[in-house]
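The values are calculated or read from the model by the stated rules, or taken from the named source; none is laboratory data. Since the structure is predicted, the reported quantities are computational estimates derived from the model, not experimental observations. Reconstructed Cβ throughout: ideal geometry from the backbone, glycine too, with neighbour counts over all protein chains shown. Just the protein is used for accessible areas: all its heavy atoms, side chains included, with ligands, DNA and RNA removed. Shrake-Rupley method; radii C 1.70, N 1.55, O 1.52, S 1.80 Å.
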Amino acid sequence: MTGTLDGKVTRTVVVQPAGLEIVVEDGESLMRAAERQGYRWPTICGGQGTCRTCFVQVDDGLAHCSGIGGLEREGIAALRRPVDGRTRLACQLRVTGGPVTVTKRGVRRRTEGEQGVG
């Protein structure tokens, strides 16, 4: 789904198995969007694309996902997964349309007092 938020184009990504709906602003990574909305996304490197902990499986909407850059390509290959667009790093993934559905376990609301990335 596409919409606007404060004049910015937004897209909605559904994160399974929890069924979370994350509103992603144009140019924003999926992981940053989730963090902005109060979710904790599993990561060690804080979104730098080096730890590969944030990887997701794209279930639907592959055509609405940004291209895979060099750093992300290396990370996916290091995970020993095919670089076919289905496995993505959430810290690198931008959404260009919708709808998009991904699978990532461990995404949850931040608890009171919990801050920052990861």
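Over the stretch 4-79, what relative contact order in percent results from Cα pairs under 8 Å that are six or more residues apart? Numbers along the way, then the final one.
Numbers: 64 pairs, mean separation 13.0, N = 76.
About 17 percent, as a whole number.
Using 0.36 nm per residue, how much length does the chain from Arg73 to Asp60 gain when fully extended, once their Cα-Cα distance is taken away?
2.7 nm
Would the stretch 59-112 count as rounded, prolate or oblate if I go by the C-alpha gyration tensor, calling it rounded below 1.5 in a/c and otherwise prolate when a/b exceeds b/c, oblate otherwise?
Taking the square roots of the gyration eigenvalues as a ≥ b ≥ c, the stretch 59-112 is oblate.
Multiply the residue gap between Gln37 and Arg81 by 0.36 nm, knock off their C-alpha separation, and tell me the result in nm, one decimal place.
Stretched fully, the Gln37-Arg81 segment lengthens by 12.9 nm.
Calculate the dipole size of the chain relative to its Cα centre from +1 charges on Lys and Arg beta carbons and -1 charges on Asp and Glu beta carbons; express the result in debye to the nearest 20.
In debye, rounded to 20, the chain gives about 360.
With every protein chain kept in place and ligands, DNA and RNA left out, what is the accessible area per residue of the chain? Probe 1.4 Å, answer in Å².
On a per-residue basis, the chain sits at 51 Å².
Quick one: net charge of His64's neighbours, Cβ under 11 Å, K/R +1, D/E -1?
That sum, taken over residues with Cβ under 11 Å, equals +1.
Could you go through the stretch 10-22 in sequence order and give the Karplus-derived ³J(HN,Hα) for each residue, using 6.51 cos²θ - 1.76 cosθ + 1.60 with θ = phi - 60°, rounded to whole Hz, and x for Gly and Pro?
For the stretch 10-22, the Karplus curve yields 10, 9, 9, 10, 8, 10, 9, x, 6, x, 6, 10, 9 Hz.
Could you point to the label whose value was computed as mean projected area of the Cα convex hull in nm² for the structure here, given (i) 6.9; (ii) 9.9; (iii) 7.6?
(i)
In whole percent, how big is the carbon plus sulfur part of the accessible area of the chain, probe 1.4 Å, protein atoms only?
Result for the chain: 48 percent of the exposed heavy-atom area is carbon or sulfur.
Amide H neighbours of Val9 under 5 Å, at least 5 residues apart or on other chains, H built in the peptide plane: list them.
Asp26
For the chain, what does the helix formula give at 222 nm: sum of -39500 (n - 2.57) over DSSP H segments with n ≥ 4, over the residue count, nearest 500 deg cm²/dmol?
Result for the chain: -3500 deg cm²/dmol, rounded to the nearest 500.
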